Amino acid sequence: MPRANRHFLPGHVWHITHRCHQQAFLLKFAHDRQCYLRWLFEAKKRFGLCVLNYMVTSNHVHLLVKDTGADIIPQSMQLVAGRTAQEFNHRKDRKGAFWEDRYHATAIETDDHLHRCMVYIDLNMVRAGVVQHPDLWTHGGYREIQAPPKRYAIINVPELSALCGFARVSRFQEAHRGWVRAALTRGKDARDGRWSEALAVGSKEFVDQTKSKLGITTLHRSVIETGGAYILREPNSAYTGNI
């Protein structure tokens, strides 16, 4: 897989994926997944990280975040990934890398593509055959979106609702349940690497604009159409990833 991308643009929504080192199951225990979420909550408190969805699996993590500027995303990722690794290694009396060297960030257009990416994240453990519905996976954002906790909330549900085009959170939650139900009914839970491997996903205008804003970092990247969306692709990437 090409070297992971992590350039950010204020105002954009980003789907971040981060794999454990050599795809080892270092997050297989609930204690360690909860540790990651505890530090994610701390990043929200400390830096103001705007989290829109998340999924912590046994060997990788998905985050959907909005870039509000001031290097908030890089600082947050350094805190969350670093502290999770430190606690794990200390508890296991272990040395060595916990994460792959870099996480990957994909810019997602805030329209139909956003809710499709959100549902794709929700269904990760369904695709893995671990659960039959995202509500059954404790360390995913589906539950929090549908029933936001009064304390220790990680996801900014009102912001997510607005970005998906809804004035009322309750209407958004209803639509969210419907999107997941439809995806499960129609078998739309297949793996789709573009959400985790492209540099941008959306309309042609959005992807072209993102490429222009990212400048020299996208010099040799191509804009192509696939699966009803345009993507800004890495060189020689076929988008067959398994997360």
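The values are calculated or read from the model by the stated rules, or taken from the named source; none is laboratory data. Here the structure is a predicted model, which means the values were calculated and not measured. In this analysis, Cβ positions are derived from the backbone assuming ideal geometry, glycine residues included, and neighbour counts consider all displayed protein chains. Side chains included, ligands, DNA and RNA excluded: accessible areas come from the protein's heavy atoms. Shrake-Rupley method; radii C 1.70, N 1.55, O 1.52, S 1.80 Å.
Overview of results
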| quantity | calculated |
| --- | --- |
| Counted charge near residue 87, where neighbours are those whose Cβ lies closer than 13 Å (Asp, Glu -1; Lys, Arg +1) | +3 |
| Accessible surface of the stretch 17-176, 1.4 Å probe, proportion on carbon and sulfur as whole % | 49 percent |
| Of 226, 138, 84, the one that fluctuates the most in a GNM where the chain has Cα springs shorter than 10 Å | 226 |
| Per-residue SASA entry for residue 135, accessible area with 1.4 Å probe, Å² rounded to 10 | 70 Å² |
| Cα-based shape type of the stretch 30-143, given that a ≥ b ≥ c are square roots of the gyration tensor eigenvalues and the cut on a/c is 1.5 | oblate |
| Loop-exposed chymotrypsin sites (Phe, Trp or Tyr not before Pro) per DSSP, neighbour cap 13 Cβ within 10 angstrom, longest uninterrupted part of the chain | 30-151 |
| With DNA, RNA and ligands ignored, accessible area of residue 203 (1.4 Å probe; Å², nearest 10) | 40 Å² |
| Length-normalised contact order for the chain - Cα pairs under 8 Å, 6+ apart - percent | 22 percent |
| Accessible solvent surface per residue of the stretch 1-124, calculated while the other protein chains remain in place, 1.4 angstrom probe, Å² | 42 Å² |
| Longest exposed-site-free window of the chain, the sites being trypsin sites (Lys or Arg not before Pro) in a DSSP loop that have at most 13 other C-beta atoms within 10 Å | 29-93 |
| Gyration tensor verdict on the chain (Cα atoms; rounded if a/c is under 1.5, prolate if a/b is larger than b/c, oblate otherwise) | rounded |
| Global geometry of the stretch 79-133, whether rounded, prolate or oblate, following the gyration tensor of its Cα atoms and the 1.5 cut on a/c | oblate |
